[in-house]
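Colleague: Have a look at this one before I ask anything.
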Amino acid sequence: KAGVTQTPRYLIKTRGQQVTLSCSPISGHRSVSWYQQTPGQGLQFLFEYFSETQRNKGNFPGRFSGRQFSNSRSEMNVSTLELGDSALYLCASSVQGAETQYFGPGTRLLVL
Amino acid sequence: AQRVTQPEKLLSVFKGAPVELKCNYSYSGSPELFWYVQYSRQRLQLLLRHISRESIKGFTADLNKGETSFHLKKPFAQEEDSAMYYCALRDTGNQFYFGTGTSLTVIP
């Protein structure tokens with residue numbers, strides 16, 4: 001099976017802009033989780049989607065949002081970008097969320 | 001509240017020496033604990049989970065509920081073990097909490 005894919009791999013934006021990141025899970029996986037990874041904070045959970053519904057949400061401001069499509073592909077959106085949003089954004093998929101998560105390569109976002 | 005604590009950001013050991021990466025957690029329910037590893041230029045991947053009680057690449061980890069710890073151990077470190085290691089907890093709501101990671105360097 002193909003692994004989790006994320007697009008784009010690298011992104012440069014300026015403050016105030018918005019960005020959309022995409023994640024395609026492993027075929028058959030219905031749960032997609034998003035994480036923000038920074039050197040200081042490590043991995044922090046953003047949210048989890050399952051069957052097109054947000055099932056869990058981490059402690060991030062409302063500027064961070066996401067959605068999941070019927071084919072389980074997921075997008076996350078960050079509006080009004082801030083410098084502190086520069087990070088590696090990882091998505092992970094699993095069959096139903098209660099099993100092993102498989103991570104994608106991440107999207108590295110740089111906000112200038 | 002910080003659910004998972006990895007007190008060591010950096011850890012260096014010599015090849016062949018024992019290695020222990022510490023992980024402490026705080027959770028009142030029955031958590032599930034994991035160790036994830038990220039080798040250089042590779043994806044984050046699962047190393048082991050406590051419910052499996054297995055040894056992967058020579059690593060083991062025992063859940064100590066009394067000390068709320070899930071330390072990762074290997075009796076003889078190898079150079080290929082050099083990587084970033086993350087301890088993670090999954091709560092009963094299926095939400096994951098990761099520690100800040102420990103960078104392990106095995107010195108030849």
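What follows is calculated from the coordinates using simple rules that are stated; it is not laboratory data. None of these values were measured; they are calculated from a predicted model. Cβ sites come from the backbone with ideal geometry, for glycine too, and all protein chains shown count toward neighbours.
Colleague: Considering only DSSP states other than H, G, I, E and B, which GluC sites (Glu not before Pro) in region A:1-75 qualify as loop sites with at most 13 other Cβ atoms within 10 Å?
Modeller: Details: sites: A:GLU48, A:GLU52, A:GLU75; in loops: A:GLU52.
Counting only loop positions with at most 13 other Cβ atoms within 10 Å, the GluC sites (Glu not before Pro) in region A:1-75 are A:GLU52.
Colleague: Let me ask another. I'd like the FRET efficiency for B:GLU79 and A:LEU110, computed as 1/(1 + (r/R0)^6) with the beta carbon distance as r and R0 of 25 Å, rounded to 0.05.
Modeller: After rounding, the FRET efficiency stands at 0.20.
Colleague: Continuing with the same structure: Per residue of region B:8-24, what does 6.51 cos²θ - 1.76 cosθ + 1.60 with θ = phi - 60° give for ³J(HN,Hα)? Whole Hz please, x for Gly and Pro, Karplus curve as stated.
Modeller: My calculation for region B:8-24 gives 9, 6, 10, 9, 10, 9, 7, 3, x, 7, x, 10, 9, 9, 8, 8, 10 Hz in order.
Colleague: Still on this structure, please answer the following. According to the Cα gyration tensor, what semi-axes, each the square root of 5 times an eigenvalue, does the equivalent ellipsoid of region B:1-59 have, listed from largest to smallest in whole Å? Display every interim value, and only then the final one.
Modeller: On the way: eigenvalues 94, 48, 35 Å².
After diagonalising the Cα gyration tensor, the semi-axes are 22, 15, 13 Å.
Colleague: Taking R0 as 30 Å, what's the FRET efficiency between B:THR5 and A:PHE69 from their Cβ-Cβ distance, rounded to 0.05? Walk me through the numbers before you get to the answer.
Modeller: On the way: r = 37 Å, r/R0 = 1.22.
The pair B:THR5/A:PHE69 has a calculated efficiency of 0.25.
Colleague: Going by how many other Cβ atoms sit within 10 Å of their own, how do B:LYS22, B:LYS74, B:LYS15 line up, fewest first?
Modeller: On the way: B:LYS22 17, B:LYS74 22, B:LYS15 14.
Going from least to most buried by this count: B:LYS15, B:LYS22, B:LYS74.
Colleague: Per 5 Å bin, what is the whole-percent P(r) computed from every C-alpha pair distance within the protein assembly as shown?
Modeller: Whole-percent P(r) values from 0 Å outward: 1, 7, 15, 18, 19, 16, 12, 7, 3, 1, 0.
Colleague: Of A:ASN77, B:ILE51, B:TYR27, which is farthest along the charge dipole of the protein assembly as shown in the positive direction, counting Lys and Arg as +1 and Asp and Glu as -1 at C-beta?
Modeller: A:ASN77
Colleague: At 7 Å along Cα-to-Cβ for each site, give me the label-to-label distance between A:GLN17 and B:LYS15 in nm.
Modeller: Spacing of the two 7 Å Cα→Cβ label points: 4.6 nm.
Colleague: Using 0.36 nm per residue of separation minus the Cα-Cα distance, give me the extension gain between B:ARG53 and B:ASP91 in nm, one decimal. Don't jump to the answer; show the numbers that get you there.
Modeller: Numbers: separation 38, 0.36 × 38 = 13.68 nm, distance 1.86 nm.
Stretched out fully, the B:ARG53 to B:ASP91 stretch lengthens by 11.8 nm.
Colleague: Something else about it: Mind running the shape call on chain B? Use the C-alpha gyration tensor, a ≥ b ≥ c as the square roots of the eigenvalues: rounded below 1.5 for a/c, prolate if a/b tops b/c, oblate otherwise. Spell out each step's value before the answer.
Modeller: Working: a/c = 1.83, a/b = 1.69, b/c = 1.08.
The shape class here is prolate.
Colleague: Determine the relative contact order of chain A: mean sequence separation of Cα pairs under 8 Å and six or more apart, normalised by residue count, in whole percent. Provide the component values of the computation, followed by the final result.
Modeller: Working: 293 pairs, mean separation 41.1, N = 112.
The value is 37 percent.
Colleague: Using the count of nearby Cβ atoms within 10 Å as a rough guide to exposure, how do B:VAL4, B:VAL13 rank from fewest to most?
Modeller: Numbers: B:VAL4 24, B:VAL13 18.
In increasing order of surrounding Cβ atoms, one gets B:VAL13, B:VAL4.
Colleague: Between B:SER103 and A:SER79, what is the FRET efficiency for a Förster distance of 25 Å, r being their Cβ-Cβ separation, to the nearest 0.05?
Modeller: Working: r = 33 Å, r/R0 = 1.33.
In this case the efficiency is close to 0.15.
Colleague: If we restrict to alpha carbons, what Rg and Dmax does chain A come to, in Å?
Modeller: 13.1, 38
Colleague: For region A:1-61, state which trypsin sites (Lys or Arg not before Pro) are in a DSSP loop and have at most 15 other beta carbons lying within 10 Å of their beta carbon.
Modeller: Details: sites: A:LYS1, A:ARG9, A:LYS13, A:ARG15, A:ARG30, A:ARG55, A:LYS57; in loops: A:LYS1, A:ARG9, A:ARG15, A:ARG30.
Listed in order of number, the matching sites are A:LYS1, A:ARG9, A:ARG15.
Colleague: Just rank B:HIS71, A:HIS29, fewest to most, by other beta-carbon atoms within 10 angstrom.
Modeller: Values: B:HIS71 18, A:HIS29 21.
With the fewest neighbours first, B:HIS71, A:HIS29 line up as B:HIS71, A:HIS29.
Colleague: Let me know the charge dipole size of region A:1-101 about its Cα centre in debye, to the nearest 20, where only the beta-carbon of Lys, Arg (+1) and Asp, Glu (-1) is charged. Don't jump to the answer; show the numbers that get you there.
Modeller: On the way: 10 positive and 6 negative charges, 28 e Å.
Charge dipole of region A:1-101: 140 debye, to the nearest 20.
Colleague: For region B:31-108, which GluC sites (Glu not before Pro) pass both filters: DSSP loop (anything but H, G, I, E, B) and at most 11 other C-beta atoms within 10 Å? Walk me through the numbers before you get to the answer.
Modeller: Numbers: sites: B:GLU32, B:GLU54, B:GLU67, B:GLU79, B:GLU80; in loops: B:GLU54, B:GLU67.
Answer in residue order: B:GLU54, B:GLU67.
Colleague: Counting only DSSP beta bridges with both residues in chain B, what percent are antiparallel, rounded to the nearest 5?
Modeller: Numbers: 27 of 32 bridges.
Expressed as a percentage, antiparallel bridges in chain B total about 85.
Colleague: Follow-up question, since we're still on this one. Before anything else, pin down the relative contact order of chain B: Cα pairs under 8 Å, at least 6 apart, normalised by residue count, whole percent.
Modeller: With pairs under 8 Å counted, the relative contact order is 39 percent.
Colleague: Sticking with this structure for a sec: Output the Kirkwood hydrodynamic radius of region A:6-68, Cα pairs only, in Å rounded to one decimal. Please report the intermediate quantities before stating the final value.
Modeller: Numbers: mean 1/r = 0.0760 Å⁻¹.
Kirkwood hydrodynamic radius for region A:6-68: 13.2 Å.
Colleague: Using a simple spin-label model with points 7 Å from Cα along the Cα→Cβ vector, what separation in nm is obtained for A:SER51 and B:ARG43?
Modeller: The answer from the label model is 2.5 nm.
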